[in-house]
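Trainee: Below you'll find the structure I mean.
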Amino acid sequence: MGGTPGEDLAGKQVILGVTGGIAAYKAPLVVRGLKSLGIDVRVVMTDASRYFVTPTTLQTLSGRPVHTELFPETPPGAFEVEHIALADRADLLLIAPATADFIAKMAHGIADDLLSCIALATKAPVLVCPSMNVNMYLHPATRENLDILQKRGVFILEPASGELACGWEGAGRLPEPERIVAESKKILYQKDLAGISLLVTCGPTCEDIDPVRFITNRSTGKMGAALVEAAGLRGARVKVISGPVNREYAPWADVIMVRSAGQMLDAVRDNLSGADVLVMAAAVADYVPETYRGAKIKKGDKLTSLGLKSSPDILSTIRPFKDDKFFVGFAAETDNLSDSARKKLMNKGLDMIVANRVGESGTGFGSDTNSGLILSEAGVLDHFEQVEKEVLAHRILDFIRERL
Ligand code: CTP
């Protein structure tokens with residue numbers, strides 16, 4: 001871990017099985033998404049899928065011949081039984097879209113074409129993405145078939161709801177290609193954090209002055225979101241407590257949205273007991289208005305100052321409940337990075353602190369990269385200079401895993 005994002009996935013082989021539904025038109029984007037992670041994509045198409053997307057498109061995007069025949073003419077070179085060779089080499093069999101018919105075949109072990117033979121022969125994890133008319137999806141036959149697959153350990157990505165190509169409204173839409181790629185990525189990653197529960201706070205807090213104004217800071221939640229994504233990919237259970245941000249967290253995270261420092265403290269208190277690791281990546285307000293004014297402050301009020309009081313320090317408040325949990329703090333600093341971070345590590349009873357520079361370009365709030373250092377009681381663990389936040393997230397998790 002810890003290299004460039006997706007480094008772990010380069011060279012992995014995914015078989016993308018495309019079956020005959022209208023959503024097959026999204027398959028080329030799934031191929032592109034997987035390829036952008038360095039994954040070697042082998043496309044296998046059923047006969048019916050060729051009504052919706054052409055082998056030429058998928059061949060061009062995957063950079064590999066598309067497989068369609070159970071009994072192809074033997075290619076020049078070493079002979080191999082194609083469906084077994086493909087099944088054996090796969091790190092993941094992804095079926096997107098999966099029609100009701102194909103799901104039924106899988107559930108009952110029918111192997112009458114190349115893709116269904118591969119589904120039966122592979123030992124790799126399988127991700128099925130159903131897509132069909134809502135009535136077909138809700139039909140007891142389909143429900144039971146999906147149950148059978150799920151009990152066998154097949155991963156099912158539930159379809160989205162909305163307007164369907166057939167004119168009906170409801171569940172049955174193939175999720176967007178980005179979501180399918182994210183789920184595939186999660187299955188392919190090494191699960192070195194399996195069984196670990198992470199509680200991550202992210203983003204800024206907003207402290208309301210009146211119904212119009214509030215005090216906040218420049219945090220965008222990017223570093224926290226990178227940690228949430230990376231931890232989930234590596235098998236951790238992740239709960240997020242987030243201040244107001246303009247972003248979506250990884251789809252597998254359990255997200256609790258809060259607004260103020262006080263609400264964040266309550267949410268951390270309520271959720272701490274189930275966590276093995278707490279990562280306080282949030283930029284919590286230190287000062288909050290003494291009083292909230294229910295009516296808008298008007299120009300005519302001639303306001304000249306704003307009464308402020310200190311907010312509760314979340315880490316110091318929950319310290320008595322730390323037990324054997326691993327606490328990680330962040331320190332955003334403009335000066336004396338190392339000394340300030342060391343003081344915070346000691347004063348807040350942390351196991352590790354990530355100190356990053358703010359106030360210059362290429363690091364800190366809103367930036368894609370961060371510069372700074374990681375400290376524990378033993379000393380400096382790492383220096384990082386303009387490192388992508390996704391990469392830094394994996395490094396931080398590597399250090400946490402070593403110390404758990
Ligand atoms: N933090 C906290 N509660 C607060 C403020 C900060 O738990 N009220 C946490 C942050 O989430 C972070 C760590 O404490 O993990 C350090 O935050 P930082 O803002 O860098 O330091 P402060 O303690 O607020 O001190 P200062 O702003 O003076 O540097």
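Trainee: For the range 36-68, enumerate the residues that are within 22 Å of the chain's Cα centre (by Cα) and farther than 21 Å from residue 118 by Cα.
Mentor: Answer for the range 36-68, where residues must be within 22 Å of the chain's Cα centre (by Cα) and farther than 21 Å from residue 118 by Cα: 36, 37, 38.
Trainee: Tell me, please, whether a residue that is at pLDDT 95 or above, within 16 Å of the ligand (Cβ to nearest atom) and of a type outside the set (Gly, Ala, Ser) can be found in the range 356-365.
Mentor: Within the range 356-365 (the criterion being at pLDDT 95 or above, within 16 Å of the ligand (Cβ to nearest atom) and of a type outside the set (Gly, Ala, Ser)), the answer is no, since none of the residues qualifies.
Trainee: Go through the range 255-289 and report how many residues are of a type outside the set (A, V, I, L, M, F, W, C) and in contact with a strand residue (DSSP E or B) (Cβ under 7 Å, 6 or more places away or on another chain).
Mentor: 7
Trainee: Go over the candidates 268, 284 one by one and state the one that is within 24 Å of residue 401 (Cα to Cα) and at pLDDT 95 or above.
Mentor: After applying the criteria, what remains is 268.
Trainee: Let me ask something else about it. From the list 395, 401, 342, pick out the single residue that is surrounded by 13 or more Cβ atoms within 10 Å (Cβ to Cβ), touching a Gly at 6+ places or on another chain (Cβ under 6 Å) and assigned to a helix (DSSP H, G or I).
Mentor: 395 is the lone residue from the list that is surrounded by 13 or more Cβ atoms within 10 Å (Cβ to Cβ), touching a Gly at 6+ places or on another chain (Cβ under 6 Å) and assigned to a helix (DSSP H, G or I).
Trainee: Taking into account only those residues within the range 249-280 that are of a type in the set (Ser, Thr, Tyr) and outside any helix (DSSP H, G or I), which is nearest to residue 309 (Cα to Cα)?
Mentor: 260
Trainee: Within the range 359-387, track down each residue that is in contact with an Asp or Glu (Cβ under 7 Å, 6 or more places away or on another chain) and farther than 15 Å from residue 279 by Cβ.
Mentor: Those that are in contact with an Asp or Glu (Cβ under 7 Å, 6 or more places away or on another chain) and farther than 15 Å from residue 279 by Cβ: 368, 369, 371, 373.
Trainee: Within the range 75-179, which helices (runs of 4 or more DSSP H) (wholly inside it) include 1 or more residues that are outside the structural domain of residue 28 (by TED's automatic domain parsing)?
Mentor: Ranges flagged: none.
Trainee: Next question, about the same structure. Looking at the structure I just gave you, is residue 56 more than 25 Å from residue 138 (Cα to Cα), loosely packed, with under 14 Cβ neighbours inside 10 Å and at pLDDT 95 or above?
Mentor: yes
Trainee: Mind listing whichever residues of the range 281-331 are in a loop (DSSP other than H, G, I, E, B), within 16 Å of the ligand (Cβ to nearest atom) and among the hydrophobic types (A, V, I, L, M, F, W, C)?
Mentor: 281, 282, 284, 285
Trainee: If you scan the range 276-305, which residues turn out to be over 40 Å from the mean Cα position of the chain (by Cα) and surrounded by 13 or more Cβ atoms within 10 Å (Cβ to Cβ)?
Mentor: The one that is over 40 Å from the mean Cα position of the chain (by Cα) and surrounded by 13 or more Cβ atoms within 10 Å (Cβ to Cβ): 297.
Trainee: Report whether or not residue 250 is within 13 Å of the ligand (Cβ to nearest atom) and either within 18 Å of residue 217 (Cα to Cα) or at pLDDT below 95 (or both).
Mentor: Criteria not met by residue 250.
Trainee: Let me ask another. When you scan the range 229-248, how many residues do you find that are acidic (Asp, Glu) and assigned to a loop (DSSP other than H, G, I, E, B)?
Mentor: The qualifying residues number 1.
The values are calculated or read from the model by the stated rules, or taken from the named source; none is laboratory data. Note that the structure is predicted; figures quoted are calculated from it, not measured. Don't worry about glycine lacking a Cβ; one is built from the backbone with ideal geometry, like all the others, and counts go over all protein chains shown.
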